[in-house]
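Below: the structure, in structure tokens.
What follows is calculated from the coordinates using simple rules that are stated; it is not laboratory data. All values derive from a computational prediction rather than experimental measurement. In this analysis, Cβ positions are derived from the backbone assuming ideal geometry, glycine residues included, and neighbour counts consider all displayed protein chains.
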Amino acid sequence: MMGSSFSFRGRFAAAVLAAGLVAGGAAAADRGNPEAKRIVSVGGTITEILYALGAEDRIVARDSTSFYPDAANSKPDVGYMRQLSAEGILGQKPDLILMEEGSGPPPVLEILKASEVPMVVVPTPPKVDAIGQKIRDVGAAVGLSDKAEALAAKTEADLKTLQEDVAKIPGPKKKVLFVLSLSNNRVMAGGADTEAGAVIALAGGVNAAPTISGYKPLADEAVIAAQPDVILSMSRGDHALTPEQVFAMPSMQTTPAAANKALITMDGLLLLGFGPRTPEAARALAADIYPGAIH
């Protein structure tokens, strides 16, 4: 069990793409500022990568999802990544705005774009094989491509090793249901095309909600039919759940997870951030799903 808080990240990808703001690969360097000394970092994983690259002294502010490492909390907070204020960001006099895809709202992004401050929006697809490119994009935007390449290569190597270890776990795969929240006695679950689904697969589990796409309510009948072996949730903050809350729900009571009180809670940024710590997160998750089978 691991603790911390995490603000769930929604997506405004279509609006961002329409605005022509998303950078990828070499494009990230074209729109960045390699000499930037006053970076506003928006998105917990972006900030985490900047710290891992040794660029923490160049960060003048960060958003509220940027709480790792602990030192990031000493930086001024420009607000939640989906509810940004252009005035709050530009008031920091940045020479680079670096943010995750999904930041917004879109009208604020348009104002920031019009300000002519260099800005990079880094794509964040919920795919394991996109993590290395995310790291490389951040490095290119701040002129640290060599360090980013080394970090990306290490992360990719660790992911490969994990996948090899997970493949050796004996027995049938367990079904894991990611529960984002409980509202009105309804499960808000992580389906296909989500970070939750991808990290469950990386850890050797089977997503118990593959018929929905994104994070959506799951009908009681679907929960009962899914028969999850394990429930996965975030450990603190607005999305924190307790075994009593989860397994008291009628739809949960006939599941193997309820019979075994199998609830795994993890730090949300670690679990869903899809950054340099993802191999660590998925390995810890696999160890909880399959006790004694992986270390």
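Please arrange S85, S181 by counting, for each residue, the other beta carbons lying within 10 Å of its beta carbon, fewest first.
Sorted ascending by nearby Cβ count, the order is S85, S181.
Order by neighbour count: F67, F274, fewest other Cβ atoms within 10 Å first, most last. Present the calculation step by step, with values, prior to reporting the outcome.
Working: F67 20, F274 23.
Taking fewest neighbouring Cβ atoms as first place, the list is F67, F274.
Share of antiparallel DSSP beta bridges in region 175-289, in percent to the nearest 5?
In region 175-289, approximately 45 percent of DSSP beta bridges are antiparallel ones.
Nearest 20 debye, what's the magnitude of the dipole of region 175-289 about its Cα centre given +1 on Lys and Arg Cβ and -1 on Asp and Glu Cβ?
Computed charge dipole of region 175-289: roughly 60 debye.
Report the charge-dipole magnitude of region 57-102 in Debye, nearest 20, computed about the Cα centre from +1 at each Lys and Arg Cβ and -1 at each Asp and Glu Cβ.
Using only the charged Cβ atoms, the result is roughly 80 debye.
I need the shape label for the chain. Rule: rounded when a/c is under 1.5, else prolate if a/b > b/c, else oblate, with a, b, c from the alpha carbon gyration tensor.
The shape class here is prolate.
Just in region 90-177: which GluC sites (Glu not before Pro) are loop by DSSP and have at most 15 other Cβ atoms within 10 Å?
On the way: sites: E100, E101, E110, E116, E149, E156, E164; in loops: E101, E116.
Passing both the DSSP loop test and the Cβ count: E116.
If one computes the Cα centroid of region 200-262 and of region 102-137, what distance in Å separates the two points?
Region 200-262 and region 102-137 have Cα centres spaced 31 Å from each other.
Show me the trypsin sites (Lys or Arg not before Pro) within region 129-183 that DSSP assigns to loop and that have at most 13 other Cβ atoms within 10 Å of their Cβ.
On the way: sites: K134, R136, K147, K154, K160, K168, K173, K174, K175; in loops: K168, K173, K174.
Sparse-neighbourhood loop trypsin sites (Lys or Arg not before Pro): K168.
Can you tell me the relative contact order of the chain? Whole percent, Cα pairs under 8 Å, sequence separation 6 or more.
Computed over the chain, the figure is 20 percent.
Could you tell me which of rounded, prolate or oblate describes region 63-214, using a ≥ b ≥ c as the square roots of the eigenvalues of the alpha-carbon gyration tensor, with rounded for a/c under 1.5 and, failing that, prolate when a/b is larger than b/c and oblate otherwise?
Verdict is oblate for region 63-214.
Size of the dipole of the chain about the Cα centre, Lys and Arg at +1 and Asp and Glu at -1 on the beta carbon, nothing else charged, in debye to 20?
Around 280 debye, computed over the chain.
Per q in 0.14 1/Å, what log10 I(q)/I(0) does a Debye calculation on the alpha-carbon atoms of region 175-289 return?
Once normalised to I(0) and log-transformed, intensities are -0.48.
Quick check: from the Cα gyration tensor, does region 13-147 come out rounded (a/c under 1.5), prolate or oblate?
Note, shape of region 13-147 comes out rounded.
Running a GNM on the chain with Cα contacts under 10 Å, which residue among A225, A196, A262 ends up with the highest mean-square fluctuation?
Evaluated over the chain, the most mobile residue of the options is A225.
Once R0 is set to 35 Å, what does the formula 1/(1 + (r/R0)^6) return for the Cβ-Cβ distance between M188 and L90, expressed as a FRET efficiency to the nearest 0.05?
Values: r = 35 Å, r/R0 = 0.99.
Efficiency, from the Cβ-Cβ distance: 0.50.
Using the number of other C-beta atoms within 10 angstrom as an exposure proxy, rank V142, V60 with the fewest first. Numbers along the way, then the final one.
Details: V142 27, V60 19.
Going from least to most buried by this count: V60, V142.
Using a cut-off of 12 Å between beta-carbons, work out the net charge of the residues near P76 (Lys and Arg +1, Asp and Glu -1, P76 not included). List each step's numbers first, then the result.
On the way: positive: R38, R62, K75, K93; negative: D63, D77.
Cβ neighbours under 12 Å give a net charge of +2.
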